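Step one of this worksheet: look at the structure below.
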């Protein structure tokens, strides 16, 4: 029987949206009684893997610079696990686990899929550009070009693969979410993190995710300040920034909040996971993601799954949301975000609720993990056993036409 190995760098919250994707796919496979293994690096900060303790998770300590993640310990363990009938799915780029996956595949004949998760997006390639160019020359281009298949989250990401010079088959399969049982019933979740800081009748606009420069939060705060200046009464809306700090960005954001005198309308909640995260979604009134670059963000799908209206940039790669009128389109610039905020705040409660319900319908139709797992498994079975190519897989000849 084939074994599925999901291999990435960080299995902790430092991995952003990647560990939740791995967990969701593996959960679906386990429901189908398929053998699966999760592997990655030990977080040097001591943060634990975000996976159940009874799962088969393989970790290895890093030797040398953290940025590369070299781990002989991880390699030794995986050499004992990987066989010819193993399908290795690599999540993320630029670090040692991707190189290791290629070496394991070369040694055993195991099939290998690479899922960049937005790391070949134009903005992402420009960020820390020289380091990525060095990594590309040293190992990453070969990792990508020799993969049996690449995994894109959307058509625009597949186009970025081709622009990068990659000619592999590409499986275009989005991320997914699980639909909450009763997302709109009051009293079904714990109190949100902002419970003590919000007055009666005030509404919450939620951002949830990493506090990282690429998320566009500086521009969001500047836009928020413009909109707040236009209010003639006590703030009816509060902005909640829920997430964990990366690169010291949280302190930079706090300084901007103080400089713009936004302390009365901006809340930093800290990281929110599991029930706490569910409480945030359930008790907010709208969700925003002003990101400069994304693969396909789970947080937007999660917000829709709770029936919440969304403001997002086109860089979030979810054009279906605009087509379905489940989201307001903004661009990453301050003025565009401000205009989107004005539009949201002028809407009635009924209009916002209708927008959120359209998002929930969209998720049910296209973005549940059960449907995503079926597509991904069809690609795995095609790569392992041959047969007809799944409809979600495109080849170079088709792209050229």
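No value in this document is a laboratory result; all are computed from the given coordinates. Given the structure is predicted, the values throughout are model-derived calculations rather than measurements. Glycine gets a Cβ as well: all are built from the backbone with ideal geometry, and neighbour counts include every protein chain shown.
For this structure, a couple of remarks:
- Antiparallel DSSP beta bridges within the chain, as percent of all bridges there, nearest 5: 5
- Directionally averaged projected area (convex hull, Cα atoms, the chain), nm²: 19.9
- Along its first, second and third principal axes, ordered by size, the range 95-240 spans 64, 38, 26 Å in Cα coordinates.
- Length-normalised contact order for the chain - Cα pairs under 8 Å, 6+ apart - percent: 15
- Mean Cβ neighbour count within 10 Å, used as a protection proxy, ranking 91-98, 280-287 highest first: 91-98, 280-287
- Considering only 112, 31, 83, the mean-square fluctuation computed in a Gaussian network model of the chain, springs between alpha carbons under 10 angstrom, is largest for 31.
- Ellipsoid equivalent to the range 104-160 - semi-axes via the Cα gyration tensor, in Å: 21, 16, 7
- Unit Cα scatterers, Debye sum, the range 195-366: log10 I(q)/I(0) for q = 0.15, 0.20 Å⁻¹: -0.78, -1.52
- Sorting 365-375, 57-67, 334-344 by average packing, meaning the other beta carbons within 10 Å per residue, from highest down gives 334-344, 365-375, 57-67.
- Two-decimal log10 I(q)/I(0) for the range 320-385, as the Debye equation yields it once each C-alpha is a single scatterer, q = 0.21, 0.23, 0.27 Å⁻¹: -0.88, -0.96, -1.10
- Of 289, 120, 247, the residue with the greatest mean-square motion in the GNM of the chain, using alpha carbon springs below 10 Å, is 247.
- GNM flexibility winner over the chain from 86, 108, 27 (Cα, springs under 10 Å): 108
- By other beta-carbon atoms within 10 Å, ranking 207, 29 with the fewest at the front produces 29, 207.
- Based on the Kirkwood approach, the hydrodynamic radius assigned to the range 356-399 is 12.2 Å, with every pair of different Cα atoms included.
- Rg of the Cα atoms in the range 1-129, relative to 2.2 N^0.38 Å, amounts to 1.01.
- Taking every DSSP helix (H) stretch of at least 4 residues in the chain, weighting each as -39,500 (n - 2.57) and dividing the sum by the residue count yields a mean residue ellipticity at 222 nm of -12000 deg cm²/dmol.
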